[in-house]
Each structure stands twice: as structure tokens, then as C-alpha cells.
Amino acid sequence: MTRPRRTAQLAGCGWVGLTLAATLVAPGVATAGAVDLFYERTVMTVADSRCGLFEGPVGAALAAGQAQARGAVLRAGTDRATLKAVEARARQKASVTPCDSEDLNIAATRVRQAFDGYAQMGRMTYPGDHAPWLADRASGEAARWRLQQQVSFGWNRMVFGLAGRDGANALMAVASFPDGQAPYAARLVLRDASVTLGPYLDNRGEALGRLPLARRLPPTGAQTAFSAEARSYAGRDLLPKDLKSGWAFRFPAKAAAAVAALDPREAVAVEFLFADGQGDSVRRAYVEVGDFAAGRAFLQVASR
């Protein structure tokens, strides 16, 4: 099990600076200033909650940016204790600053300017070590993938993420099996946060960026699972264009919240269960957690 590679210094006590306006809209925030960026976005998110600084779309965009910055901090090797300390300092800063503070109003103006274009964006790509998350919040009545990651496992393929019509984002897995076998059930397996203190990353001296997803999931005793609550033939609207058929499984809403709460370096697994006449067989597909939380928050911009 891995330990953090390095600990970033706590962000300074100074007020949000010019860095905020310059970097708030950057799709990639995994830089040397990731901790400072997380601090700044957290300050403004908390201040918005207290003072009502932003209209819905800008506030939601800021929340998405904070989630992305948090992921960048963790991927940079910052330990969770330091992250919590940075967040606590940011919350303290925001809580003692008067809502009519000139400095706060200047920073809020910068946020509005920086996120105005971001709030209008319909699509985002969140890169990962193994696969990206693709977010699409375009309006429309047709069902579509709102947030997806595509996975190949053996000869099989899967799309996993949030799907539905405008404003509806169900956690789903759509899988195709070229041998024609039909799974009768599926379950989502992930780390059980109630019995663990953090991610289990079995790197064995290997660089985390190249760590196989199977070694980013904890042992069985530290896992929990969500069974799919619905199964059906996959519609053409959710199948990749080059696939003609597949099976769709919908997971409970609380499963999406559980995935969003994980460390971005972790992985989850979707297990498809088959009855082969002599008992059950399982085919497992791994999904990189990555910026799932940031992508999920990005979708909320459209619904406010």
C-alpha cells in the first residue's frame, strides 16, 4: 500500500491573488500551484455559501473547479492530512471575512470574469492516467451520456458513467459481449470508506501514473458493493456507434455519491455476473476514478 510521495506546504494566509483569475478556467490544474489553487477555490466556494456572491451557474462552475483542484492536489502526492489542513484554513479565512469586504468583492469579480465562459461550456474532457472522463451537459430531450469513461476488458467493452435525458444523470454501465453471453446482474465494487482511512494503492515501488487499475482497489475485506437496480437491453442512444447491441445496468443514486467521494487515484470495478450452468462466472471491468467528482459537478452547472 502506498504512502504519499511528498507533502506540499500549506497555502499562505494572504488573500486570493491574481493567480485565481489567471487559472480558474484552466482544464488541467495538476501544476506546482495545485495546493494554492485548491485553497483559493475553497475560500471562494465557502464565501459564496455565506454571502451569496454568485448566480447559480457561476457558483456551480466554481464548485466543479474546486473538485478538479482537489483531485490535482491528491494526484500531485499531497497527503490527506495536509489537504484537510489547507481546506480548514480556507474555511477559516472565508468565515472571518466580512461579506462586504472590498478584497472579497474584488476576488468575486475575478471569479465571475474567469468562470463566465466556463459556465457556458457544453463539453469538457478530464484526462486520466488510463482513460479520460468525457462530460457533456448540452441540453436536449434525447437520452445521452452526460459523463462517461470507455473501458475494454478482454474482448468485451463497457461505457460507464452518468447518463439520461436533460437534467437526469443516472449512474449506468452499458456493456457489449461479443460472444453473445447475457449477464443476469451487475455490481459496482469500490473501497468501503467506513472501514478504511484512505485509498489502497499497491504501487510496490512503481510510479503511480503507471499503476494498473486492478492494484488501485483494496482487498476484499475493505470493499463494498452496490448491486444494479435495473437491467435492460441497451438503447442505440447509449451504445458506441460501432456496437450494435449491449446490456444496460442502472445503479442506485447513492453509488454515484460514493464514487465521487473516492480519491481520484483509486479505481472501481464493475462485475458482470453470468450463469454458465455450473454456477456463476464473473467478468470484471475496471474504471479509473480520476475526475469523476469534478465532471459530476460540471454537469450541475446546466441544472442551476
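A few points about this structure:
- Residue that is nearest to Asp79 (Cα to Cα), among those in the stretch 275-290 that are touching a residue at least 40 places away in the same chain (Cβ under 8 Å) and surrounded by fewer than 16 Cβ atoms within 10 Å (Cβ to Cβ): Arg284
- The conditions of being among the small types (Gly, Ala, Ser) and part of a helix (DSSP H, G or I) are met by Ala107.
- Residue in the stretch 217-232 that is out of contact with any Pro (no Cβ under 9 Å at 6 or more places or on another chain), assigned to a loop (DSSP other than H, G, I, E, B) and surrounded by fewer than 13 Cβ atoms within 10 Å (Cβ to Cβ) present: yes
- Members of the stretch 186-213 that are of a type in the set (Gly, Ala, Ser) and at pLDDT below 95: Ala193, Ser194, Gly198, Gly205, Ala207, Gly209
- Test result for Val96, on the phi < 0 side of the Ramachandran plot and free of Cβ contacts under 8 Å to residues at least 60 places away in the same chain: yes
Condition check ((1) of a type in the set (S, T, N, Q); (2) over 24 Å from Lys241 (Cα atoms)) across all residues:
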residue	(1), (2)
Met124	no, no
Asp129	no, yes
Ser139	yes, no
Leu147	no, no
Phe153	no, no
Ala163	no, no
Leu190	no, yes
Ala193	no, yes
Leu208	no, yes
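- In the stretch 153-185, the residue that is surrounded by the fewest Cβ atoms within 10 Å (Cβ to Cβ) out of those that are among the polar types (S, T, N, Q) and either assigned to a loop (DSSP other than H, G, I, E, B) or free of Cβ contacts under 8 Å to residues at least 24 places away in the same chain (or both) is Gln181.
Residue-by-condition table, conditions (1) in a loop (DSSP other than H, G, I, E, B); (2) over 23 Å from the mean Cα position of the chain (by Cα); (3) of a type in the set (Lys, Arg):
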residue: Pro240; (1), (2), (3): yes, no, no
residue: Leu262; (1), (2), (3): yes, no, no
residue: Ser281; (1), (2), (3): no, yes, no
residue: Tyr286; (1), (2), (3): no, no, no
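- Among the candidates Ala257, Ala267, Ala293, residue that is without any contact (Cβ under 8 Å) to a residue 60 or more places away in the chain and in contact with a helix residue (DSSP H, G or I) (Cβ under 8 Å, 6 or more places away or on another chain): Ala267
- Some residue of the stretch 125-143 being touching a Lys or Arg at 6+ places or on another chain (Cβ under 9 Å), β-branched (Val, Ile, Thr) and touching a residue at least 12 places away in the same chain (Cβ under 8 Å): no
This table checks each residue for (1) more than 24 Å from Leu299 (Cβ to Cβ); (2) among the hydroxyl-bearing types (Ser, Thr, Tyr).
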{"site": "Met158", "(1), (2)": "no, no"}
{"site": "Arg165", "(1), (2)": "no, no"}
{"site": "Ala175", "(1), (2)": "no, no"}
{"site": "Tyr184", "(1), (2)": "yes, yes"}
{"site": "Leu188", "(1), (2)": "no, no"}
{"site": "Asp192", "(1), (2)": "yes, no"}
{"site": "Gly205", "(1), (2)": "yes, no"}
{"site": "Ala222", "(1), (2)": "yes, no"}
{"site": "Ala225", "(1), (2)": "yes, no"}
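The values are calculated or read from the model by the stated rules, or taken from the named source; none is laboratory data. Because the structure is predicted, anything quoted here is derived from the model rather than measured. As a convention, Cβ positions derive from the backbone with ideal geometry for all residues, glycine included, and neighbour counts pool all protein chains shown.
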